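Nothing in this text is a laboratory measurement; each read-out follows from the coordinates by a stated rule. This one's a predicted model, so the numbers in the text were calculated from it and none came from an experiment. All Cβ positions, glycine included, derive from the backbone under ideal geometry; neighbour counts span all protein chains shown.
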Amino acid sequence: MNVTCPYCQALYRVDPERVPRGGVRTRCGRCQKIFDLARDGAVRALEAAVAATATKKARPVFGAQDPDTRALRIARALVSDIIAYSDQDVDASRSAGRLRADFRADILKSWEEYVEQVGEDFAKGTPFFRDALNDILARGEAVF
């Protein structure tokens, strides 16, 4: 069955046999919003439930809820971690033009984490990770 996210209209192909009889809550891989999914393919957004909960007890929201801002923040954090946990000298690699080669394994590992966090389509469709590599790891040079 085809399921469409009620928030961002992302389309997913779901095997109805994998959905429990009572339905399931699921998170959209693109916008990260949560919605209920019934076995027959019916989708119910949780906006009403969230609004009712919010009126009972307002909790502060930490961090941006916008998917672009969230993805940018995650990309920059992951690239910053490459530098923080690296045993190699970033400046020496950059001067020698070897950033890609010297940090290949770390970059790939961070990319995989980024894709897991924001979704493959979103990760490949936005420049945030590449921009973070150029801004942070390459110190503003267009290396990646």
If we count every other residue with Cβ under 12 angstrom of Lys124's Cβ, Lys/Arg +1 and Asp/Glu -1, where does the sum land? 0
At q = 0.19, 0.29, 0.31 Å⁻¹, what log₁₀ I(q)/I(0) does segment 71-127 have when each alpha carbon counts as one equal point scatterer in the Debye sum? -0.69, -1.15, -1.22
Neighbour net charge for Arg94 - beta-carbon separation under 12 angstrom, K R +1, D E -1: -1
Whole Å is fine, so just give me how far the alpha carbon centre of segment 4-38 lies from that of segment 82-144. 32 Å
Tally Lys and Arg at +1 and Asp and Glu at -1 over the other residues with C-beta under 12 Å from the C-beta of Gln9: what net charge comes out? +2
For the pair Asp91 and Glu116, how long in nm is the line joining their label points, each one 7 Å along Cα→Cβ? 3.3 nm
